[in-house]
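Chemist: Dumping the structure here so I can ask a few things about it.
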Amino acid sequence: GNSGGPLLNSLGQLVGVNTAIYSPSGASSGIGFAIPVNTVRKIVPELIEFGRVQTPTLGIAMFPPQYADYYRSRWGITGVIVLDVIEGASPERAGMRGLTETNRGILLGDVIIEVDG
C-alpha cells in the first residue's frame, strides 16, 4: 500500500504523509487520508527523540464538568477544584495538592482561582 508514503502536490512538493484509505469495495481506490506536512514536522522530532509524541498537560486532574458545578455550589467555591496532582509534574513540585479521602469524608486540596495573575 501507500500508507506512510509521501503525498505530493502537482509541483512535486511534499504536502503530507499518506495514512489510510477508505474503500467500500476493498479496491485500491477510495478516499485517502493523510497527515499534513506541518503536523509531521512537529511530531517527527519528538518520535525520534522520545519514541512517542509528548502531550503537554497541566499536571493536574480536575472534576469533569458535569460534577464540578455541583461541588463548587455545594462547597461554596469559586475556581477550579484540583482533583489530583500528577506525580512528578510541576504542580506537585510546587506543593499543589488534590482531594484526599479520609475516614471522615473528603478533605479539599487546592483550588485554582487565578492563572498568571
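Chemist: Look through the range 40-81, keep the residues that are touching a residue at least 12 places away in the same chain (Cβ under 8 Å), out of contact with any Ser or Thr (no Cβ under 9 Å at 6 or more places or on another chain) and not in a strand (DSSP E or B), and return whichever of them is surrounded by the fewest Cβ atoms within 10 Å (Cβ to Cβ). Give the derivation first.
Modeler: So the first thing to find is which residues in the range 40-81 are touching a residue at least 12 places away in the same chain (Cβ under 8 Å), and the list is 40, 57-63, 68, 75, 77-81.
Restricting the remaining residues to those that are out of contact with any Ser or Thr (no Cβ under 9 Å at 6 or more places or on another chain) gives 40, 57, 60-63, 68, 75, 77-81.
When the remaining residues are screened for being not in a strand (DSSP E or B), the result is 40, 57, 63, 68, 75, 77-79.
Details: Val40: 17, Thr57: 11, Phe63: 16, Ala68: 16, Trp75: 11, Ile77: 14, Thr78: 7, Gly79: 12.
So the residue we want is Thr78.
Chemist: Shifting gears a bit: Test Ser25 against the stated conditions and say whether it is part of a loop (DSSP other than H, G, I, E, B) and either over 21 Å from Glu114 (Cβ atoms) or not acidic (Asp, Glu) (or both).
Modeler: Yes, satisfied.
Chemist: Only one residue in Ile35, Ile31, Ile81 is over 26 Å from Asp116 (Cβ atoms), under 21 Å from the mean Cα position of the chain (by Cα) and aliphatic (A, V, I, L, M). Which one? It would help to see each step written out before you state the result.
Modeler: Numbers: Ile31 fails: under 21 Å from the mean Cα position of the chain (by Cα); Ile81 fails: over 26 Å from Asp116 (Cβ atoms).
Being over 26 Å from Asp116 (Cβ atoms), under 21 Å from the mean Cα position of the chain (by Cα) and aliphatic (A, V, I, L, M) holds for just one of Ile35, Ile31, Ile81, which is Ile35.
Chemist: Residue by residue through the range 82-98, note down the ones that are surrounded by fewer than 12 Cβ atoms within 10 Å (Cβ to Cβ) and either under 13 Å from Val111 (Cβ atoms) or small (Gly, Ala, Ser) (or both). Reasoning before the result, please.
Modeler: Here is the first cut: in the range 82-98, the residues surrounded by fewer than 12 Cβ atoms within 10 Å (Cβ to Cβ) are 87-88, 93-95.
If the condition is that a residue be surrounded by fewer than 12 Cβ atoms within 10 Å (Cβ to Cβ) and either under 13 Å from Val111 (Cβ atoms) or small (Gly, Ala, Ser) (or both), then Gly88, Ala94, Gly95 are the ones that fit.
Chemist: Kindly list the number of the only condition in (1) modelled with pLDDT under 90; (2) under 16 Å from the mean Cα position of the chain (by Cα) that fails for Ala68.
Modeler: For Ala68, the exception is condition (2).
The values are calculated or read from the model by the stated rules, or taken from the named source; none is laboratory data. On a predicted model such as this, the values are computed, not experimentally measured, just so you know. Glycine gets a Cβ as well: all are built from the backbone with ideal geometry, and neighbour counts include every protein chain shown.
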